[in-house]
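S.K.: Pasting a structure below so you can have a look.
The values are calculated or read from the model by the stated rules, or taken from the named source; none is laboratory data. Keep in mind it's a predicted model, so treat the numbers as computed, not measured. Here the Cβ positions follow ideal geometry from the backbone for every residue, glycine too, while neighbour counts run over all protein chains shown. Side chains are part of the model used for accessible areas, which takes the heavy atoms of the whole protein and leaves out ligands, DNA and RNA. Shrake-Rupley method; radii C 1.70, N 1.55, O 1.52, S 1.80 Å.
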Amino acid sequence: MVTAVGLDRDTSWRALKAGQSGIATLEGFALEGLKTTFAAQTTGFDPTVHMDAKEARKADRFAQLAMSAAVEAMTEADLAEVADPYRAGVIIGSGIGGMLTFEEQHSRLLKRGHRGVSPMFIPMMIGDMAAGLVSIRYGFRGANYCTVSACASGGHAIGAAFDQIILGHADIMITGGAEAAVCDMALAGFANMKALSSRNDDPARASRPFDVDRDGFVLGEGAGILVLESEEHALARGATILGEVCGYGMTGDAYHMTQPDTAGRGAIGSMQQAVRSSGIELQDVGYINAHGTSTFFNDKVETGAIKHVFGDHAANLRISSTKSMIGHLLGAAGGVEAVICVLALRDGILPPTINLDNPDPECDLDYCPHEAVKQDVEYALSNSFGFGGHNVTLCLRARR
C-alpha cells in the first residue's frame, strides 16, 4: 500500500500501529481562499521507482499509485510468471479516476483552446486505466476492469475479484483501489458541501472518528492492492498466504445522494451478508475496520448498525477507523483498509483510532482509542460505504 504515512506496506503499517498521523497542511497549493487547507498527501512519492519515466508521464497520479502498490504486492506474492494469463486478471476500483489530469487539462483548454488539450487526456483520465496498466505490466488477460462506487469502489473491486476465483474463471486476481483527488476542484467541492473538516489550525487532529467534536472527513490519497489467489493454486506453488477472503456483502441504501440511511439498513444488510456468506457465526468476528469517516452521520449510523447486527456481541468487538491517521482515500479506502485488516490479523495487532478524546455518547463501542491493541483475532470485517448509498463489507480470516 501507499499512504500518507508510508510509501510502502511495511512503513505504512509501522506508522499505523504507532498511531502516527499523516495529515498536514497542503503542499503545492495556493492556500488563500481554501476553506480546508490540509489533506493526507503521499508526500515524496516517486512513480519512477516502479514505472519508467515515459510510462509515468502518460499516467495520472492515481494510476501511478496503483502501479506502485501492485508491484509491491506482486513482488511479495513472488508471481513473476503465470502459467495461463487468461486465468489471471485485474480489478482495481477508483471513485473518481484521473481528477488531477482533468483539472490540469481543463485549465489548458481555457488558456490555449482546443489545441492545448493533450492527446493523452482521455486515457489518463478514465478510471479503468489503473487496472489496464497493471494488466499490461503483468500480461494478465483475464477479467480486467474498474469498479466505480464512490468510497465503496475498492471494497467492491475485491468482492468482484473474489467472485472471479470462486466462480472458477480465474486462479489469480490483482485487486484493490487507488485514488488521487487532492486538488483544488475536489477540495472546493467537498468543502462547499460541508463534508470536509475545517480544523486548519490543527490538521493532525482533524480526523476524529466517533468523537463528539468531529466536523468532517479529511481528504486523502493512496492505493491498496492485494493479490488474491485460489487456495489450491497458492498451495500448489508454495505461496506464502497472508490471509483469506471468506466472503462479502453489498447493498444499496436507496435513501439519499450523500447521506447514509439514518436507520443504517444498508450497512446492516452489508455486514449480515458478509457474515452469512462466510459461513461463520456473529461471535466469530473479533475486529471491524470501520468506514469511520469522522462525519456526523456516518459514525453514529455505522455504530448503530454494528449494534443491530451483533447484538450483545457488539460490546466485545474491537473497532477502529484508520482514517483518523491517513484520511479518507475515497475509492482507494476499501483497498487500503483490506490490506490493514490482513496485517492486523497476521500480527495480532489492531490499529488505533487516534484523536478520540471526547467520545460521542451515540458512539459507545470499543474503537481502540489512541493506542493499538494486541489481540489475536481470527475473523475481521472491513466496511466501506459510498455516496449514492453503496455499501460493501469484506470478511477476512487470519492465516498464521
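S.K.: Restricting to the stretch 221-243, what's the tally of residues that are in contact with a Cys (Cβ under 9 Å, 6 or more places away or on another chain) and of a type outside the set (G, A, S)? Please lay out each step first, then the result.
M.R.: In the first step, residues of the stretch 221-243 are kept if they are in contact with a Cys (Cβ under 9 Å, 6 or more places away or on another chain); the result is 243.
Among the residues that remain, those that are also of a type outside the set (G, A, S) are: none.
Selection size over the stretch 221-243: 0.
S.K.: Also: Considering T251, T240, which residue is open to solvent by 30 Å² or more (accessible area, probe 1.4 Å), of a type outside the set (A, V, I, L, M) and over 22 Å from L345 (Cα atoms)?
M.R.: Testing whether each residue is open to solvent by 30 Å² or more (accessible area, probe 1.4 Å), of a type outside the set (A, V, I, L, M) and over 22 Å from L345 (Cα atoms) leaves just T251.
S.K.: Another question, if that's okay. Here are some conditions: (1) of a type outside the set (F, W, Y); (2) open to solvent by less than 70 Å² (accessible area, probe 1.4 Å); (3) part of a helix (DSSP H, G or I). G127 meets all but one. Which one does it not meet?
M.R.: (3)
S.K.: Being surrounded by fewer than 17 Cβ atoms within 10 Å (Cβ to Cβ), of a type in the set (K, R) and more than 25 Å from S384 (Cα to Cα) is true for just one of R57, R87. Which residue is that?
M.R.: From the options R57, R87, the qualifying one is R57.
S.K.: Name the single residue, out of those in the stretch 328-370 being open to solvent by less than 10 Å² (accessible area, probe 1.4 Å) and free of Cβ contacts under 8 Å to residues at least 60 places away in the same chain, that is nearest to G154 (Cα to Cα).
M.R.: Here the answer is A344.
S.K.: Could you say which residue among S324, S294, S270 is assigned to a helix (DSSP H, G or I), within 21 Å of V5 (Cβ to Cβ) and among the hydroxyl-bearing types (S, T, Y)? Reasoning before the result, please.
M.R.: Details: S294 fails: assigned to a helix (DSSP H, G or I); S270 fails: within 21 Å of V5 (Cβ to Cβ).
From the options S324, S294, S270, the qualifying one is S324.
S.K.: Considering only the stretch 13-54, state which residues are without any contact (Cβ under 8 Å) to a residue 40 or more places away in the chain and either among the hydroxyl-bearing types (S, T, Y) or open to solvent by less than 20 Å² (accessible area, probe 1.4 Å) (or both).
M.R.: T43, T48, M51
S.K.: Given (1) among the aromatic types (F, W, Y); (2) in contact with a Lys or Arg (Cβ under 9 Å, 6 or more places away or on another chain); (3) not in a loop (DSSP other than H, G, I, E, B), where does Y367 come up short, assuming only one miss?
M.R.: (3)
S.K.: Right, here's the next one. For the stretch 66-100: of the residues being more than 21 Å from the chain's Cα centre (by Cα) and assigned to a helix (DSSP H, G or I), which is farthest from H169 (Cα to Cα)?
M.R.: Once the filter is applied, the top-ranked residue is P85.
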